[in-house]
Amino acid sequence: MQHTEYWIIRHKQQILIDTNNVLGPNFMPHADYLDGDHSEPIMVGYWQGLPCYATDTRSPPEGFAAELVPLRQVFGVAGPEAFAMAGRASQLIDWQLNHQYCGRCSHMTRLHTEEFAMQCDRCGLNAYPRISPAVMVLVRRGREFLLARSPHFKPGVFSALAGFVEAGETLEQCAAREVKEEVGIDIDHLRYFSSQSWPFPNSLMIAFTAEYAGGEITPDPDEIEAANWFDIDDLPRLPDPVSIARRLIEGALAEMQ
C-alpha cells in the first residue's frame, strides 16, 4: 500500500514507532492505530515528502507491528531527523493540550486554521507555542575544558554549563551570568557554535564556546554537584550524542587537535 501521510502517535510521553518498515523504524503510515480517545490531530510538517500529523492518545495502540519508545530514545532507534520531528510534534501536542481555554477570558479555544495558534473567538487572543531559550557555554583554558555535573545527570557524566535566558536579557548577557552564578568564573571571547531544539519540554538550546577570563571555581550548591577543569586528553564521561552538549565538546576537541 502506498503511503499518503505519516502519523506521530504519542501515548504517555512515548512515541509509537513502526517496526515493520523494511527501511528501518519509522513513524506510522496511517491512522488506523488510533481509537476515539485522542487529541485533535495537528499537521506538524512533512516526513519523507508526505504530510505528517501528530496526536496524543490515551489508549495504547494494540495489535500492530509497532512499539512505544520514550522520546529521548527515538534518536537512537530512528535517527536524528526522526528525533527532531518527534520532538516538534511532542511540543506542539503539549501546547495544544495546555491551551484548551483562553488565558485572558477563559473561553474555549480552537486550533487556528492558518498558523500554529490556539485561537479564542470571544476576545481574539492567540496563544502560540512556547519556546524557552537556553544558553550553553563550554569554557576553555588552554588545553582544559570547564565541565560540571548536575545532580540529575547520569552517574559520572559531566557537561558544559547551561541556563535559561531571562526576560530582557541578551544571549551574551545570559552566558556570562550563568557561568558566573553556577561556578564563579568570568568569561570572554564568546563564540557561537550551534543550536538545537530540545523538547524537554520546550527549550531552544544555543551553544557557545568561551575563554576563561578569571576567577576560581566555586560551584553553586543548589545547581552544581561538581565542577572542574579537565585536560582534553583526560575527559570524564560525556553526555549522550542526542544532546548538543556532546557535539559542542567534540567540536571544540576537533579544533584543538
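The values are calculated or read from the model by the stated rules, or taken from the named source; none is laboratory data. The shown structure was predicted, so the numbers you read here are calculated from the model rather than taken from an experiment. Don't worry about glycine lacking a Cβ; one is built from the backbone with ideal geometry, like all the others, and counts go over all protein chains shown.
Just a few scattered comments:
- Scanning region 76-108 for residues that are closer than 20 Å to VAL242 by Cβ and either buried (at least 20 other Cβ atoms within 10 Å of the Cβ) or hydroxyl-bearing (Ser, Thr, Tyr) (or both) returns ALA78, ALA82, PHE83, MET85, ALA86, GLY87, ALA89, SER90, GLN91, LEU92, ILE93.
- In the set (1) in the same structural domain as ASP56 (by TED's automatic domain parsing); (2) touching a helix residue (DSSP H, G or I) at 6+ places or on another chain (Cβ under 8 Å); (3) among the hydrophobic types (A, V, I, L, M, F, W, C), the condition left unmet by ALA160 is number (1).
- Any hit, region 56-71, residues being crowded, with 16+ Cβ neighbours inside 10 Å, within 30 Å of LEU235 (Cβ to Cβ) and out of contact with any Gly (no Cβ under 8 Å at 6 or more places or on another chain): yes
- When GLU182 is tested against (1) farther than 13 Å from ILE131 by Cβ; (2) of a type outside the set (Val, Ile, Thr); (3) in contact with a Lys or Arg (Cβ under 7 Å, 6 or more places away or on another chain), exactly one condition is not met: (3).
- Those residues of region 126-156 which are over 15 Å from TRP95 (Cα atoms) and surrounded by 17 or more Cβ atoms within 10 Å (Cβ to Cβ), in sequence order: ALA134, VAL135, MET136, VAL137, LEU138, VAL139, ARG140, PHE145, LEU146, LEU147, ALA148, ARG149
- Residues located in region 118-139, provided they are touching a Ser or Thr at 6+ places or on another chain (Cβ under 6 Å) and within 16 Å of LEU238 (Cα to Cα): LEU138
- Figure legend. Inter-residue proximity from region 99-118: first residues more than 12 Å from ILE42 (Cβ to Cβ), second residues among the charged types (D, E, K, R), beta-carbon distance below 6 Å, spacing 6+ or different chains. Indicated pairs: CYS105/ARG122; HIS107/ARG122.
- Residue check, ILE93 in contact with an Asp or Glu (Cβ under 7 Å, 6 or more places away or on another chain) and at pLDDT 95 or above: yes
- Selection count where residues are surrounded by fewer than 15 Cβ atoms within 10 Å (Cβ to Cβ) and either more than 26 Å from the chain's Cα centre (by Cα) or assigned to a loop (DSSP other than H, G, I, E, B) (or both), scope region 236-254: 3
- Pair list, Cβ under 9 Å, 6 or more apart: region 119-130 residue touching a residue at least 60 places away in the same chain (Cβ under 8 Å), other residue polar (S, T, N, Q): PRO129/GLN91; PRO129/GLN96; PRO129/ASN202; ARG130/GLN91; ARG130/ASN98; ARG130/ASN202
- Only listed residue being among the hydrophobic types (A, V, I, L, M, F, W, C), touching a helix residue (DSSP H, G or I) at 6+ places or on another chain (Cβ under 8 Å), crowded, with 18+ Cβ neighbours inside 10 Å and in contact (Cβ under 8 Å) with a residue 60 or more places away in the chain, chosen from ILE232, ILE217, ILE187, ILE206: ILE206
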